[in-house]
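Below you will find the structure I want to go over with you.
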Amino acid sequence: TELMHCFDMGADIKHCQSKGKIVLLSIGGATAQLNADAATFSKQVWDLFMEGSSDIRPFDDAVIDGVDLDIEQGSQMNLIEFANNMNQLYKTGSKKYYLTAAPQCPYPDANLGTLLAQTHVDMAFIQFYNSGWCDNSKYGLPHWPQSMNYYMWEDAWRNSSFANKDMKLYVGATAGQNAGNPSSYVSPSFFANELQELQTNYTDSFGGAMLWDMSWAYGSTPNYAASTKQALMAGSRCGGYA
């Protein structure tokens with residue numbers, strides 16, 4: 001096998017989980033293409049990273065909290081079958097597991113649109129970056145809301161276009177000017193204002209924020225992650241809890 005043994009990452013995962021953080025395994029990416037058998041691959045993921053049985057455990061005894069599908073280049077694997085298999089395997093586990101997706105902002109997403117419509121997905125981490133017309137940088141311009149199209153995702157949510165009627169929508173942003181296409185980047189203060197307005201206007205569908213990625217978010221000045229958390233907590237209906 002070419003799988004790495006990352007025992008130190010396993011320890012980090014357990015530490016984060018002890019602080020109440022959900023840790024997901026992201027599958028896909030900007031260049032990856034999946035060509036595995038869906039049944040075989042779902043069982044492998046369960047055995048290697050969750051509560052299945054395997055002689056090989058990349059993170060030792062750390063058990064992640066689910067899978068995130070970031071499919072940007074298409075997939076020869078049947079994504080719906082894979083997702084349904086994962087959801088069934090989750091039911092055999094001893095804790096709550098999550099299936100999430102990271103679609104790009106044009107709606108419906110070319111690679112994940114059918115999955116979201118036909119399979120239970122808990123959260124959608126929508127990439128409002130690297131896509132041009134619907135990037136965060138278009139928010140608030142005169143042609144809003146035709147651009148930065150959160151409203152289109154919210155309209156689909158409200159009209160029950162997703163298999164999970166309660167799926168939460170997260171606003172994804174690049175947390176540094178070079179974390180993605182520089183034209184997609186918005187400052188922490190701009191993003192904070194955007195989040196608070198969306199949180200206020202789309203209370204039911206709005207889930208929070210997603211940042212790409214944490215190395216940029218915590219390495220930036222000011223701290224992009226801290227600014228985002230502060231904005232979400234300030235707008236929370238729960239008296240300060242994001």
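The values are calculated or read from the model by the stated rules, or taken from the named source; none is laboratory data. Quick caveat, the model's predicted, so the values are computed rather than measured. Methodologically, a virtual Cβ is constructed for each residue, glycine included, from the backbone with ideal geometry; neighbour enumeration extends over all protein chains shown. Protein only, heavy atoms only, side chains kept; ligands, DNA and RNA dropped before computing areas. Shrake-Rupley method; radii C 1.70, N 1.55, O 1.52, S 1.80 Å.
If I filter the stretch 172-198 down to residues being assigned to a loop (DSSP other than H, G, I, E, B) and among the aliphatic types (A, V, I, L, M), which single residue comes out as surrounded by the most Cβ atoms within 10 Å (Cβ to Cβ)?
Checked the stretch 172-198; the qualifying residue surrounded by the most Cβ atoms within 10 Å (Cβ to Cβ) is Ala175.
The rows are residues; the columns are (1) surrounded by 15 or more Cβ atoms within 10 Å (Cβ to Cβ); (2) in contact (Cβ under 8 Å) with a residue 40 or more places away in the chain; (3) among the aliphatic types (A, V, I, L, M).
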| residue | (1), (2), (3) |
| --- | --- |
| Asn159 | no, no, no |
| Ala163 | yes, yes, yes |
| Thr200 | no, no, no |
| Ser220 | yes, yes, no |
| Ala226 | no, no, yes |
| Lys229 | yes, no, no |
| Gly235 | yes, yes, no |
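Got a number for residues in the stretch 2-17 being assigned to a helix (DSSP H, G or I) and either in contact with a Pro (Cβ under 9 Å, 6 or more places away or on another chain) or open to solvent by 70 Å² or more (accessible area, probe 1.4 Å) (or both)?
Counting residues in the stretch 2-17 that are assigned to a helix (DSSP H, G or I) and either in contact with a Pro (Cβ under 9 Å, 6 or more places away or on another chain) or open to solvent by 70 Å² or more (accessible area, probe 1.4 Å) (or both) gives 7.
Here is a follow-up. Before we move on, is Thr200 under 24 Å from Ile64 (Cβ atoms) and of a type in the set (Ser, Thr, Tyr)? It would help to see each step written out before you state the result.
Working: under 24 Å from Ile64 (Cβ atoms): no; of a type in the set (Ser, Thr, Tyr): yes.
For Thr200, the condition - under 24 Å from Ile64 (Cβ atoms) and of a type in the set (Ser, Thr, Tyr) - is not met.
Does Glu51 satisfy being modelled with pLDDT of 95 or more, part of a loop (DSSP other than H, G, I, E, B) and acidic (Asp, Glu)?
Here the answer is yes, as Glu51 does meet what is asked.
Looking only at the stretch 57-101, count every residue that is in contact with a strand residue (DSSP E or B) (Cβ under 9 Å, 6 or more places away or on another chain), acidic (Asp, Glu) and within 29 Å of Ser18 (Cβ to Cβ) and tell me the total.
Number of matching residues: 3.
Which one is nearest to the chain's Cα centre (by Cα) among residues in the stretch 18-43 that are assigned to a helix (DSSP H, G or I) and surrounded by fewer than 16 Cβ atoms within 10 Å (Cβ to Cβ)?
Per the criteria, the residue is Ser18.
Right, something else. In the stretch 44-81, what count of residues is obtained for those that are of a type in the set (Gly, Ala, Ser) and under 19 Å from the mean Cα position of the chain (by Cα)?
Counting residues in the stretch 44-81 that are of a type in the set (Gly, Ala, Ser) and under 19 Å from the mean Cα position of the chain (by Cα) gives 3.
Filter the stretch 150-192 down to residues that are farther than 16 Å from Leu232 by Cβ and in contact with a strand residue (DSSP E or B) (Cβ under 7 Å, 6 or more places away or on another chain), then give me how many there are.
9
Same structure, new question: State whether the residues of the stretch 125-146 include one that is more than 30 Å from Phe190 (Cβ to Cβ), open to solvent by less than 30 Å² (accessible area, probe 1.4 Å) and in contact (Cβ under 8 Å) with a residue 12 or more places away in the chain.
The answer is no, given that none of the residues of the stretch 125-146 is more than 30 Å from Phe190 (Cβ to Cβ), open to solvent by less than 30 Å² (accessible area, probe 1.4 Å) and in contact (Cβ under 8 Å) with a residue 12 or more places away in the chain.
Checking the condition touching a helix residue (DSSP H, G or I) at 6+ places or on another chain (Cβ under 7 Å), polar (S, T, N, Q) and more than 26 Å from Tyr98 (Cβ to Cβ), which residue from Ser147, Ser161 passes?
Just one listed residue meets the conditions, Ser147.
Additional query: Which one of these does Leu69 not meet: (1) open to solvent by 20 Å² or more (accessible area, probe 1.4 Å); (2) over 16 Å from Lys91 (Cα atoms); (3) among the hydrophobic types (A, V, I, L, M, F, W, C)?
(1)
Moving on to the next point. Please go through the stretch 202-218 and pick out each residue that is open to solvent by less than 80 Å² (accessible area, probe 1.4 Å) and either modelled with pLDDT under 95 or not in a strand (DSSP E or B) (or both). If you could, list the steps in order and put the result at the bottom.
Filtering the stretch 202-218 down to residues open to solvent by less than 80 Å² (accessible area, probe 1.4 Å) leaves 202-211, 213, 217.
Correct list: Tyr202, Thr203, Asp204, Ser205, Asp213, Ala217.
As an exercise: evaluate Lys91 against (1) of a type in the set (D, E, K, R); (2) under 29 Å from Gly113 (Cα atoms); (3) under 20 Å from the mean Cα position of the chain (by Cα); (4) open to solvent by 50 Å² or more (accessible area, probe 1.4 Å) and give the number of the one condition it does not meet.
Lys91 satisfies every listed condition except (3).
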